[in-house]
Each structure stands twice: as structure tokens, then as C-alpha cells.
Amino acid sequence: MAKKARALGLAVHEDEEQQGCSGEVESIGAKWWFGGRKVTYRMSCRLTESDRTVHFREAAVERSWGIPPPTLTVETTTTSGWKRDEKRTDVSVGGGGSLNYGQVRNALEQVAAAAGWNFHLEGGRMP
């Protein structure tokens, strides 16, 4: 899991105590004279050996300071059954970027399935 997350550009921290890992990447950033804002993607996964399940959590955390630059944000959501894919692109005076929420989730789900593990997405809790 951690190896795949690193390949996707996340800074990964392994947690031996809970048999899992967490990671984050700053995907969107914008600064100008009066302030700024950034969006950081965070994820965590915890493994349970007894039922061979990967418990996955993810969140996008947005922080701003001062007067953030004017920004155009485009969000795209695709839902197919229980699967949901979200993408966000920001264009701003002082920067911008894009964030694909589903990219990490889908890649780690494929790694878990290939290893014979179940993948459980935990909603409503911060990683």
C-alpha cells in the first residue's frame, strides 16, 4: 500500500502500531500579496489481519489566510453504483492545481484486491 501511495506522489508515513500508513500531498496552492490558500489531500489505511480488510479514509483539507486570491474552481463528480469519483481543478491569480480524489482510492483498492484483501472505505471520519 505505502509503495503505491508513494508512486502516486504522496508523502507516506508508516504506522507500525496500527499496521497501516497515512499520507498527504498538497495539490492546490495559490498565493498573492494579501493572502493565500492551499488544498491538501490526506489519506490513511489500516489493515486488520483477522478478516484481511484494508480500512481506508480520505479527505481534502482547504486552508486559507488573509484575503485569498480570486479563484475559479471546477468540480466534477461521477457516480457508478457505490463507486464515486471526484476531481477538482482550481485556477487562480497566484497559482492553482488539480486534485483527483478517486485516483488514490481506486489504485489502492486494486492493490488490495490483487493481494486478496477486502477494501472498506470509511466515510465521515478524518484520516
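Quick look at the numbers
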read-out: Among Asp51, Asp85, Asp15: highest mean-square fluctuation, GNM of the chain, C-alpha pairs under 10 Å; value: Asp51
read-out: Label-point gap, in nm, between Glu26 and Leu8 - each point 7 angstrom along Cα→Cβ; value: 2.1
read-out: Loop sites in segment 26-127: chymotrypsin sites (Phe, Trp or Tyr not before Pro), DSSP, at most 15 other Cβ within 10 Å; value: Trp33, Phe34, Trp82
read-out: Principal axis box of the chain, alpha-carbon based, largest edge first, Å; value: 53, 34, 26
read-out: Label zone at Arg52, where the point sits 7 Å out along the Cα-to-Cβ direction: segment 111-126 residues whose backbone N lies under 16 Å; value: 111-120
read-out: Segment 28-123: trypsin sites (Lys or Arg not before Pro) in DSSP loop, at most 16 other beta carbons within 10 Å; value: Arg52
read-out: Nearest-0.05 FRET efficiency for Phe34 and Thr79, computed from C-beta distance (R0 35 Å); value: 0.40
read-out: Ser44 - accessible surface, heavy atoms, 1.4 Å probe, Å² rounded to 10; value: 20
read-out: Euclidean distance of C-alpha centroids, segment 83-127 and segment 1-55, integer Å; value: 10
read-out: Rounded to 10°, Cα long-axis angle of helix 101-114 versus longest principal axis of the chain; value: 10
read-out: Simple Cβ-charge dipole of the chain, Lys/Arg +1 and Asp/Glu -1, about Cα centre, in debye nearest 20; value: 340
read-out: Fraction of accessible area attributable to carbon and sulfur, the chain (%, probe 1.4 Å); value: 50
read-out: Å² of accessible area per residue within segment 44-126, as computed with a 1.4 Å probe and no ligands counted; value: 62
read-out: Sum of -39500 (n - 2.57) over DSSP H runs of 4+, divided by residues of the chain (222 nm, nearest 500); value: -4500 deg cm²/dmol
read-out: Gain upon complete extension [Ala60, Glu86; 0.36 nm per residue less C-alpha separation]; value: 8.3 nm
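The values are calculated or read from the model by the stated rules, or taken from the named source; none is laboratory data. Nothing here was measured: the structure is a model prediction, and the numbers come from that model. Heads up, the Cβs are rebuilt from the backbone with ideal geometry, glycines too, and the neighbour counts pull from every protein chain shown. Accessible surface is based on the protein model in full, side chains and every heavy atom, while ligands, DNA and RNA are left aside. Shrake-Rupley method; radii C 1.70, N 1.55, O 1.52, S 1.80 Å.
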